[in-house]
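Participant: One structure is given below, represented as structure tokens, and several questions about it will come after.
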Amino acid sequence: MASALCGAVAIPAQAADPSHLATVTTVRKDADGKPSAKMLQFGVYRTEADAWVAWKAVVRRQPDMVADLVPRVFMQKPEVPDSGFVLRAAPLPDLDPNFVCRRIVGGGGSCLVVDAAVEQPATAAPAAVEDNDHNGVVTYSPDQSREMQEIERQAARLSRIAAIVPGNDARVDIGALKASRWNLCSLTFDDGPHPAVTPRILDILRVEGVRATFFPIGNVAVRHPRIIQRIVQEGHEVGNHSLTHPNMRTLTTEAQRAQIAETNRILAAAGADPVLFRPPAGRWNNDTLTAVDQEKMSPALWNVDTRDWFTRDAGKIMAQLEATGTIGSVVLMHTTYNATAEALPRAIGLLRTRGCRFVTLSEWITSLNSLATPRIAQR
């Protein structure tokens, strides 16, 4: 593996498990004119969770220097199960990886510039769907996975409200949060409803005494009105996740509004009153904001992605949450995977030990808006 040394690399130990996202690399030309994909390498770790924790530490230590990197975890030796996991990151296409690495080293960090062309991702393509799409099971593409990761990355750079509600420029001072002892978290479940998995998730939430927010797909919800009714009756919030789960950016404003309005009609017939719209895979544009506003709703994203949609493995879901979940989390999960239901009791327990008090997403947003500066909050 060709590499250019730009600093010492700490090697904490060995590793445990695959990664969650499609590889993102920077492609440049070598001297002979052939494409050369380069990434930055930060270390080798015992488990995948250790690698993601290390990435969080890098972000905390040098946020400005790594703001334009897309992290990725690889198995060090795919043919050797216990060989460890490598933490790497790809600069965005317009950045020179050697320049970025020098900046990181100059700021007290360490990295290598490595040739990524010969590496294989730690995790293969997403597993086959557990059920057919009539039950709201969605298979996400590599392009969608990159965009979903970008939402989480941006959440670390934006104010808490702007990260969750696109177009909301309200800001809350960290001092105000501490003074109010603000400790809210929100569990959110996309897609479905699934006739078997969603009731299982609802059973767990009832036992745990947790209220959550569900974002069902309209053309799936129309076949399962009793599940929507149960979600409402048990005190959970029902949002809108579009009629057919399209890429909203490819639609006109009118078509986007039709996706939202028809889903609202379906959900209303089952007793729900959606006020939040979550664009599929987090893909939105200004036309989306216009369509959402026309329906007198608010857009809603997330800041912690469990990546259950990719791994479909309870242990990996928990590893991701261990690395990223804390007070203030708006957690993205899905209501269509058995692995999500399996991990859910442990996920709730983990977040509770970290101080979370669970509320619906609308309550989470309302609470933060109440702490925003009056001038902005009243806009």
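Participant: May I ask for the Kirkwood hydrodynamic radius of region 222-379, worked out over all distinct Cα pairs and given in angstroms to one decimal?
Facilitator: Details: mean 1/r = 0.0586 Å⁻¹.
In region 222-379 this quantity evaluates to 17.1 Å.
Participant: Here is a follow-up. With a cap of 13 neighbouring Cβ atoms within 10 Å, and only residues DSSP puts in a loop, list the GluC sites (Glu not before Pro) found in region 158-246. Intermediate results must be reported in sequence, preceding the final value.
Facilitator: Working: sites: 208, 234, 237; in loops: 234.
Qualifying residues, ordered by number: 234.
Participant: Carbon-plus-sulfur fraction of the accessible area of region 322-376, 1.4 Å probe, in percent? Don't skip to the answer; put the middle values down first.
Facilitator: Working: 1060 of 1980 Å².
Carbon and sulfur atoms account for 54 percent of the accessible area of region 322-376.
Participant: Take every Cα-Cα pair in region 259-338 and report what % of them are more than 20 Å apart.
Facilitator: Details: 1491 of 3160 pairs.
Within region 259-338, distances greater than 20 Å cover 47 percent of Cα pairs.
Participant: Multiply the residue gap between residue 147 and residue 327 by 0.36 nm, knock off their C-alpha separation, and tell me the result in nm, one decimal place.
Facilitator: Values: separation 180, 0.36 × 180 = 64.80 nm, distance 2.39 nm.
Length gained between residue 147 and residue 327: 62.4 nm.
Participant: Oh, and also: Per the Debye formula with a single identical scatterer at each Cα and no solvent contribution, what log10 I(q)/I(0) holds for region 147-258 at q = 0.18, 0.20 Å⁻¹?
Facilitator: So the normalised log intensities are -1.09, -1.17.
The values are calculated or read from the model by the stated rules, or taken from the named source; none is laboratory data. Worth saying up front: this structure is predicted, and the values here are computed from it rather than measured. Note that each Cβ is placed from the backbone with ideal geometry, even for glycine, and that neighbours are counted across all protein chains shown. Calculation scope for accessible area: heavy atoms of the full protein, side chains included, ligands and nucleic acids excluded. Shrake-Rupley method; radii C 1.70, N 1.55, O 1.52, S 1.80 Å.
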